[in-house]
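The values are calculated or read from the model by the stated rules, or taken from the named source; none is laboratory data. These numbers come from a predicted model, not from an experiment. Note that each Cβ is placed from the backbone with ideal geometry, even for glycine, and that neighbours are counted across all protein chains shown. Side chains included, ligands, DNA and RNA excluded: accessible areas come from the protein's heavy atoms. Shrake-Rupley method; radii C 1.70, N 1.55, O 1.52, S 1.80 Å.
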Amino acid sequence: FMDSLTVVLRLRYEENKSFFKFCIVGFTGLFVDITLSNIFRLIVPNPSVAASSAALIAMLVTFVLNNMWSFSDKKITQINELISKFVSYIAISLVPIVVRFFVVGFIVSKFSETFIIYNLAVFISILFGLIWNFTFYSKIIWGKKK
């Protein structure tokens, strides 16, 4: 049974290697995002600005890691294409960051700016961003080359 399970898991991993790598990069981005968001929350008076700033930095980290590792088989290497794709990446990523700005601001203003409320608002906006980003990154940034 264990050998069969190992074979099935190994086959699934090989079929979806870039998805698993994307998830690991996503968790890395999440760690960077949450850590910086809470540090910025202590430094920056506006919680929406703190959350959005952390998201921008996490976005840069995930772009580099996705290009170098998650989608290494579709790695963007030419400087013109890299710049073009990065600009698209930023444009795509700005939508969830703007949503985060308003979601965090709204939830904190309606409830309070406690650690739990703030992080719940950030988490809700991250869920939206995860769906949005995966959909557009996999189709536009690292989609099949023509």
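Residue selection: residue 39 satisfies the criterion of being over 14 Å from the mean Cα position of the chain (by Cα), of a type in the set (A, V, I, L, M) and at pLDDT 90 or above.
Selection of first residues in segment 120-146 that are under 15 Å from residue 66 (Cβ atoms) and of second residues that are at pLDDT below 85 and assigned to a loop (DSSP other than H, G, I, E, B), restricted to Cβ pairs under 7 Å at least 6 apart or on distinct chains, gives the following pairs, ordered by first then second residue: 142/71. What's the total number of residues in segment 62-80 that are part of a helix (DSSP H, G or I) and within 17 Å of residue 136 (Cα to Cα)? Of the residues in that region, 8 qualify. The single condition among (1) more than 24 Å from residue 16 (Cα to Cα); (2) modelled with pLDDT of 90 or more that residue 92 does not satisfy is (1).
Within segment 1-28, residues that are within 22 Å of residue 67 (Cβ to Cβ) reach partners that are open to solvent by 70 Å² or more (accessible area, probe 1.4 Å) and not small (Gly, Ala, Ser) with beta carbons closer than 6 Å, at six or more positions or on different chains, in the pairs 21/69.
Of everything in segment 42-68 that is open to solvent by 50 Å² or more (accessible area, probe 1.4 Å) and under 14 Å from the mean Cα position of the chain (by Cα), the residue that is nearest to residue 101 (Cα to Cα) is 56.
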